[in-house]
Amino acid sequence: MTETRQPISSQKADGARPVVLAADDDKDILELITFRLERSGYTVLQAHDGEEALRLAQAANPSLAVLDVMMPKIDGFELTRRLRADAATSRMPIILLTARGQDADVQQGFDAGADDYLRKPFSPQELRARVQAILGRR
């Protein structure tokens, strides 16, 4: 789990930083996501597999989740379905971030309940923009 200090300009009116759950079994990608989002003013909780992500989501009630699809223990599609089925996390926005970019994969992600789907390789700036756009609508 990684947390850093937030720049004053990124704080919400109540002083709290939005919390983003990032789950990916690739350590380098997880660190890139964390770095980019923390620099943008978010607190990032890291999970290295689907089970860990599910536990963190239920315990911390993050503002949004960025989930890889191909993870050990619970894949991102199943994790999204479980989060949608749990009253505590059912409304949490979910972005699936994955190398599985076929149209059928994208459709499966949206059918599972994802709010957005970003294909790898991805632009960290685009990820940040999508997170901001989704959280800005809430």
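What follows is calculated from the coordinates using simple rules that are stated; it is not laboratory data. If you're wondering where the values come from, they're calculated on a predicted model, not measured in any experiment. Quick reminder, even Gly has a Cβ in these numbers, built from the backbone with ideal geometry, and neighbours come from all protein chains shown.
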Between 134, 16, 44, whose Cα lies farthest towards the positive end of the dipole of the chain when Lys and Arg beta carbons carry +1 and Asp and Glu beta carbons carry -1, centred on the Cα centre?
16
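Find, to one decimal place in angstroms, the Kirkwood hydrodynamic radius of the chain, where the mean of 1/r is taken over every pair of different Cα atoms and then inverted.
Working: mean 1/r = 0.0681 Å⁻¹.
Mean inverse Cα-Cα distance, inverted, gives 14.7 Å.
Give a quick list of trypsin sites (Lys or Arg not before Pro) in region 48-105 that DSSP marks as loop, anything other than H, G, I, E or B, with at most 12 other Cβ atoms within 10 Å.
Listed in order of number, the matching sites are 91.
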Give me the percent of DSSP beta bridges within the chain that run antiparallel, rounded to the nearest 5.
5
Give me the one-decimal nm value for the distance between modelled label points at residue 126 and residue 39, 7 Å along each residue's Cα-to-Cβ direction.
1.8
For region 60-138, diffusion coefficient by Stokes-Einstein and Kirkwood Rh (Cα), 10 °C, 1.306 mPa s, µm²/s
125
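If I take R0 = 35 Å and measure r between the Cβ atoms of residue 119 and residue 16 in this structure, what FRET efficiency does the formula 1/(1 + (r/R0)^6) give, to the nearest 0.05?
Values: r = 31 Å, r/R0 = 0.89.
It comes to 0.65.
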Run the quick spin-label model on residue 134 and residue 111: label points 7 Å from Cα toward the beta carbon, then report their separation in nm to one decimal.
2.0
